[in-house]
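Report on the following structure.
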Amino acid sequence: MIAVGERLPDGDFKVKDGEGNVGEVSVASLFDGQRVVLIGVPGAFTSTCHNSHVPQFVQNVTPLKQRGADRIVVLSVNDHHVMRAWAEALEGAGKIDFVPDPLATYTRALGMDADMSGGGLGVRCKRFSALVDDRVVKTLNFEPEGSRGIAATGAATMLTQL
């Protein structure tokens, strides 16, 4: 698993813009030379991710950027169509980068994969937040085992870490 002090691996993501165009974005273009809040979530439109976790970041885009974040990136094991629809549903399009990882390729490269087959979800991303500076992980947060709420990985925590 990626750890504080380590550099994010290379990777590319297929994304869909507001006009329906599909293109690729690289880890380098998202993180190189930038201070980035990275959020990993199990799935778009899932109850906790949709109702509690990511909305905190959408609501706090301005304070996060005022404290030094150049961008906010949400990573989930979903396809680019779903991630674009989710960004729009949360009114986060244009504010936050919603990055799809449909085959969990990048999630596995980070060591953040979790088998959630028991709940019918298959391989997903662990819930986490991280502050990444020029591709180097500066902080890495996880919710306590068995936790149902969002605290350690939420926007309030990240605001204290910026």
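Every condition in (1) touching an Asp or Glu at 6+ places or on another chain (Cβ under 9 Å); (2) hydroxyl-bearing (Ser, Thr, Tyr); (3) loosely packed, with under 14 Cβ neighbours inside 10 Å holds for Thr153 except the one numbered (3). Taking the residues in region 131-162 that are β-branched (Val, Ile, Thr) and outside any loop (DSSP other than H, G, I, E, B) as candidates, determine which candidate is farthest from Pro55 (Cα to Cα). That would be Val136. Applying the criterion of being among the small types (Gly, Ala, Ser) and touching a Leu at 6+ places or on another chain (Cβ under 6 Å) to the residues of region 22-68, the residue that is nearest to Ala109 (Cα to Cα) is Gly40. His53 meets the conditions (1) closer than 17 Å to His80 by Cβ; (2) not in a loop (DSSP other than H, G, I, E, B) in every case but one. The failed one is (1).
Would you call Ser29 over 30 Å from Arg148 (Cβ atoms), of a type in the set (Gly, Ala, Ser) and either touching a Pro at 6+ places or on another chain (Cβ under 8 Å) or in a helix (DSSP H, G or I) (or both)? Talk me through it step by step, then tell me what you get.
Numbers: over 30 Å from Arg148 (Cβ atoms): yes; of a type in the set (Gly, Ala, Ser): yes; either touching a Pro at 6+ places or on another chain (Cβ under 8 Å) or in a helix (DSSP H, G or I) (or both): yes.
Yes; evaluated as a whole, the condition is true for this residue.
Which of (1) closer than 18 Å to Ala151 by Cβ; (2) in contact with a strand residue (DSSP E or B) (Cβ under 8 Å, 6 or more places away or on another chain) does Pro63 not meet, given it meets every other one? Only one criterion in (1) closer than 18 Å to Ala151 by Cβ; (2) in contact with a strand residue (DSSP E or B) (Cβ under 8 Å, 6 or more places away or on another chain) is unmet by Pro63, namely (2). Residue-level check: of (1) in a loop (DSSP other than H, G, I, E, B); (2) loosely packed, with under 13 Cβ neighbours inside 10 Å, Pro102 misses just (2).
For region 62-85, how many residues are touching a helix residue (DSSP H, G or I) at 6+ places or on another chain (Cβ under 9 Å), surrounded by 17 or more Cβ atoms within 10 Å (Cβ to Cβ) and in a helix (DSSP H, G or I)? Of the residues in that region, 1 qualify. Set side by side, the residues Leu140, Leu131 differ, and just one is in contact with a helix residue (DSSP H, G or I) (Cβ under 8 Å, 6 or more places away or on another chain) and in contact (Cβ under 8 Å) with a residue 12 or more places away in the chain, which is Leu131.
No lab work stands behind these numbers, since they all come straight from the coordinates. The structure displayed is predicted, hence computed values, not measured ones. All Cβ positions, glycine included, derive from the backbone under ideal geometry; neighbour counts span all protein chains shown.
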